[in-house]
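Data first, discussion second: the structure below is written as structure tokens.
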Amino acid sequence: MPDPRFRRVVRRGVGLSLLLLAATAGALLWLLAWALPDVVTLPWLGPVAWLDSLASWAAVPVLLVLSVLLMVPVASAMTSLFLDEVAEAVEDRHYPGLPRVRPQGWGEALREAGSAFGVVLLANALALVAYLLLAPLAPLIFVILNGYLLGREYFLVAALRRHDRAEAKRLLRANLGRVWLSGALMALPLLIPVVNLLVPTLGAAAFTHLYHRVRRAQSA
């Protein structure tokens, strides 16, 4: 990533993701400490003082799983917040000479980010039932569902930089298969803790390229 703008956005994205995960970890550990007393008296064993410590250690794999699930809405929310800066760096390097786009204000970006975060969070919360009932297929369900959600969101945000909403949605409908597949390829590394911290920024760059390929194909 030679462009300093990429590095700056990656650092911000990773920092935001870590902040959210740390807040979740703190909330979970606090809940465990509150729910479990310091000493529990068990039949035949008598007073036991290590259950809260055991629960705290058990929280580690739970947090790893949560990091996967939480990164999906985080990745979606970060589209509106950071895609414009990433897209500008990509276009300056690979598509020079394009007209300038309308800069997005922070108020508009926050509204779009909040809406995207809510939709993806709700969809994945509902999908938890499918993840639990069809556990062997859970990774496949995760990739199919979030491939569509993230692909749609990232492509629309990229297209809306240069088109009105009606035209952006038309481009999405005309290229839904490619967008869904690209979203699925983006969702796959979200399953890998730590690696998934880099996905939002790299996904923004990938969908900027996809938008320009689609636009050029439409113009040909």
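Just so you know, all these numbers are worked out from the coordinates, no wet-lab data involved. Note that this is a predicted model, so its numbers are computed, not measured. Cβ: placed from backbone, ideal geometry, glycine included. Neighbour counts: every protein chain shown.
Listing for the model above:
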| quantity | calculated |
| --- | --- |
| Integer Hz, Karplus 6.51/-1.76/1.60 couplings in order for the stretch 90-101, x for Gly and Pro | 4, 5, 4, 7, 10, 9, x, x, 6, x, 5, 9 |
| Cα→Cβ-extended label distance, 7 Å offset, between L134 and R178, nm | 2.9 nm |
| Estimated FRET transfer efficiency (I192, V101; beta-carbon r; R0 25 Å; 0.05) | 0.15 |
| Pairwise FRET efficiency - R93 versus R170, Cβ, R0 = 25 Å, nearest 0.05 | 0.35 |
| Per-residue Cβ neighbour rank within 10 angstrom, fewest leading, F207, F6 | F6, F207 |
| Chain lengthening between A23 and S219 when straightened (0.36 nm per residue, less Cα-Cα) | 65.9 nm |
| Pairwise FRET efficiency - R111 versus I144, Cβ, R0 = 30 Å, nearest 0.05 | 0.60 |
